[in-house]
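**Student:** This is the structure, below, for whatever I ask next.
The values are calculated or read from the model by the stated rules, or taken from the named source; none is laboratory data. Please read these numbers as outputs of a predicted model, since none were measured by experiment. Neighbour counts are summed over all protein chains in view; Cβ atoms, including those assigned to glycine, are modelled from backbone coordinates with ideal geometry. Remember, those area values only see protein heavy atoms, side chains included, never the ligands or the DNA or RNA. Shrake-Rupley method; radii C 1.70, N 1.55, O 1.52, S 1.80 Å.
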Amino acid sequence: MSDSEGMDGLRVTACERCADLVDSRSRIVNGVGPDDADVVFVGEGPGANEDEQGEPFVGRSGDVLDDALDTHGLRRRDVRITNCVRCRPPENRDPSETELANCRPYLERELELVDPEVVVALGKVPAQHLLERSVAVTTEAGTVETVAVGDARLDVLVCVHPAATLYDRSQEDTFASAIEKVATIVGAEGGQSSLGDF
Ligand code: SF4
């Protein structure tokens, strides 16, 4: 890993590689969840809620994700959630190719260290970033491709962004099916109960 020296474990504590994002962010939003999670969800970047709270996928998108996890026997506290870029782009624009490249060493390092069974790309930007090709997210949702991520080889599952289900109800089944496949991959399908904790 050549360019992740600014990390403290899985966290980036200080970074000013992207001038526009340094101006627009309130804070660096690092990934959350266990450092040995079986599943890592990767989003595009922090939005307003995430920038404010310092955690990926909070607000309405986070609620959609949490509900889907719960439905399929997964729990948010058992999965890791991170982003392609860790700082909020101005006016919620897509991160530029340069910004994605700037932040990629951190994402690669995080994925190498966690070494999950499956990485879930939530939406077009993370899918294309991780698979390094053009992706038609809706038609490819639920498909898995093994790719090189830094020094690791990881299985990446394409998924529509949870927010897509809020704007287009026809995406609900596509999203649910992809999360169901994640649960099947990690053996959680069937509504594994937290009762086992007691
Ligand atoms: S997006 Fe990533 S590379 Fe860019 S300033 Fe933030 S932490 Fe640094």
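**Student:** Counting pairwise Cα distances across region 41-129, what percent come out greater than 21 angstrom?
**Tutor:** Details: 1104 of 3916 pairs.
Everything past 21 Å amounts to 28 percent.
**Student:** Explain nothing, just the number: relative contact order of the chain, from Cα pairs under 8 Å at least 6 residues apart, as a whole percent.
**Tutor:** Numbers: 385 pairs, mean separation 47.4, N = 198.
Computed over the chain, the figure is 24 percent.
**Student:** With both partners inside the chain, how many of the DSSP beta bridges are antiparallel, as a percent to the nearest 5?
**Tutor:** Details: 9 of 21 bridges.
Taking every DSSP beta bridge within the chain, about 45 percent pair in antiparallel fashion.
**Student:** Taking the convex hull of the alpha carbon atoms in region 1-85, what volume per residue do you get, in Å³? Don't skip to the end; give the middle numbers.
**Tutor:** Working: hull volume 8.3 nm³, N = 85.
It is 97 Å³ per residue.
**Student:** To continue, here is another question. Helix 97-114 versus the longest principal axis of the chain: what is the Cα-based angle in degrees, 0 to 90, to the nearest 10?
**Tutor:** 50 degrees
**Student:** Another question, if that's okay. Mean residue ellipticity at 222 nm from the helices of the chain, using -39,500 (n - 2.57) per DSSP H segment of n ≥ 4 over the full residue count, to the nearest 500 deg cm²/dmol? Numbers along the way, then the final one.
**Tutor:** On the way: 8 runs with 74 residues, N = 198.
Helix contribution divided over all residues of the chain: -10500 deg cm²/dmol.
**Student:** Same structure again: Once both axes come from the Cα atoms, what is the angle between helix 59-71 and the longest principal axis of the chain, in degrees from 0 to 90, rounded to 10?
**Tutor:** The answer is roughly 30 degrees.
**Student:** Compute the Rg/Rh shape ratio of the chain: radius of gyration over Kirkwood radius, all on alpha-carbon atoms.
**Tutor:** Details: Rg = 15.8 Å, Rh = 16.7 Å.
Expressed as Rg/Rh, it is 0.94.
**Student:** Could you work out what % of the accessible surface of region 20-66 is carbon and sulfur, using a 1.4 angstrom probe and leaving DNA, RNA and ligands out of the count? Write out the running numbers ahead of the final one.
**Tutor:** Details: 610 of 1970 Å².
Accessible surface attributable to carbon and sulfur in region 20-66 totals 31 percent.
**Student:** Along region 80-95, what does the Karplus equation 6.51 cos²θ - 1.76 cosθ + 1.60 (θ = phi - 60°) give for ³J(HN,Hα), rounded to whole Hz, x for Gly and Pro?
**Tutor:** Computed from phi, the couplings for region 80-95 are 9, 10, 9, 9, 5, 10, 9, 10, 5, x, x, 6, 6, 5, 5, x Hz.
**Student:** Rounded to the nearest whole Å², what accessible area per residue is found for the chain with the 1.4 Å probe? Mind dumping the intermediate values first?
**Tutor:** Values: 9430 Å² over 198 residues.
Accessible area per residue, the chain: 48 Å².
**Student:** Could I ask something else about it? Out of the trypsin sites (Lys or Arg not before Pro) in region 63-116, which ones are loop residues according to DSSP with at most 13 other C-beta atoms within 10 Å?
**Tutor:** Listed in order of number, the matching sites are 75, 93.
**Student:** Right, next: If the elastic network links every pair of Cα atoms under 10 Å, which of 97, 172, 52 fluctuates the most in the Gaussian network model of the chain?
**Tutor:** For the chain, modelled as a Gaussian network with Cα springs under 10 Å, the answer is 97.
**Student:** For the pair residue 134 and residue 66, what calculated FRET efficiency results from E = 1/(1 + (r/R0)^6), where r is the Cβ-Cβ distance and R0 = 30 Å, to the nearest 0.05? Walk me through the numbers on the way to the answer.
**Tutor:** On the way: r = 30 Å, r/R0 = 1.00.
Once the sixth-power term is evaluated, E becomes 0.50.
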